[in-house]
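Every number in this text was worked out from the coordinates using simple rules, so none of it is lab data. None of these values were measured; they are calculated from a predicted model. Quick reminder, even Gly has a Cβ in these numbers, built from the backbone with ideal geometry, and neighbours come from all protein chains shown.
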Amino acid sequence: MEKLRTLIKELENKIENFELINPAISSSSVGWHIEHSFLVINVIIEGLKKSNPNDYKWKFNLKRIYVYSINKIPRGRGQAPKRVQPQNNFSPESLKNHLAITSEKLPELNNLNPHNYIEHPVFGKLNVKPALKFLFIHTRHHIDIINDIINKKDNINRSAE
């Protein structure tokens, strides 16, 4: 959980760059990646809370084993479900508000039954521990993309367009 908190703090530190975009790295802005990360964390926490731990049953999933083994999501392979695709109407203030909501929800993970689970579209049912690992891998994936956007010299500031 502390690793995820550290990544959330890192996202917070990137908010000032929310308008930067580099199409060679991603068609989405830094702000989109931050908002998407918060949406995913919040949707997973809510899904875990609503699940019935008695319905959880582990099932073999090769893609999950691969991603969890290398601790990395290969770039350009996934498509975010609609409910975690941000609208492009975010600002530093809205990102900070979403950060506050996410930070408030995070401790709720400590009160869950270990067999509460979410149904991931690629990895199948993930109970609390694997869901936390997914959140870490996923958030770090987007931070890596954000860092690449920020560190490239040919990035574009949307307000300058």
Next on the checklist: Starting from 0.36 nm per residue, how many nanometres of slack lie between LYS59 and LYS82 once their C-alpha separation is accounted for?
Outcome noted: 5.8 nm
Checklist entry - When every alpha-carbon pair in the chain is counted, what percent end up more than 20 Å apart? => result 51 percent
Checklist entry - Rounded to the nearest 0.05, what FRET efficiency is calculated for GLU108 and ASN151 with R0 set to 30 Å and r the Cβ-Cβ distance? => result 0.30
Item to check | Translational diffusion coefficient (Stokes-Einstein; Kirkwood radius from C-alpha pairs) of segment 18-97 at 10 °C, 1.306 mPa s, in µm²/s | outcome: 105 µm²/s
Next on the checklist: Placing unit charges on C-beta atoms (Lys and Arg positive, Asp and Glu negative, everything else neutral), compute the dipole magnitude of the chain about its Cα centre in debye, rounded to 20.
Outcome noted: 800 debye
Checklist entry - Separation between the GLU119 and ALA100 pseudo-spin-labels, each 7 Å from Cα along Cα→Cβ, expressed in nm? => result 3.5 nm
Checklist entry - Quick one: Cα centre-to-centre distance for segment 131-145 and segment 99-113, in angstrom? => result 16 Å
Checklist entry - Taking LYS63 as the anchor, which lysines have their alpha carbon closer than 19 Å to its alpha carbon, excluding any fewer than eight residues away along the same chain? => result LYS72, LYS125, LYS129, LYS133
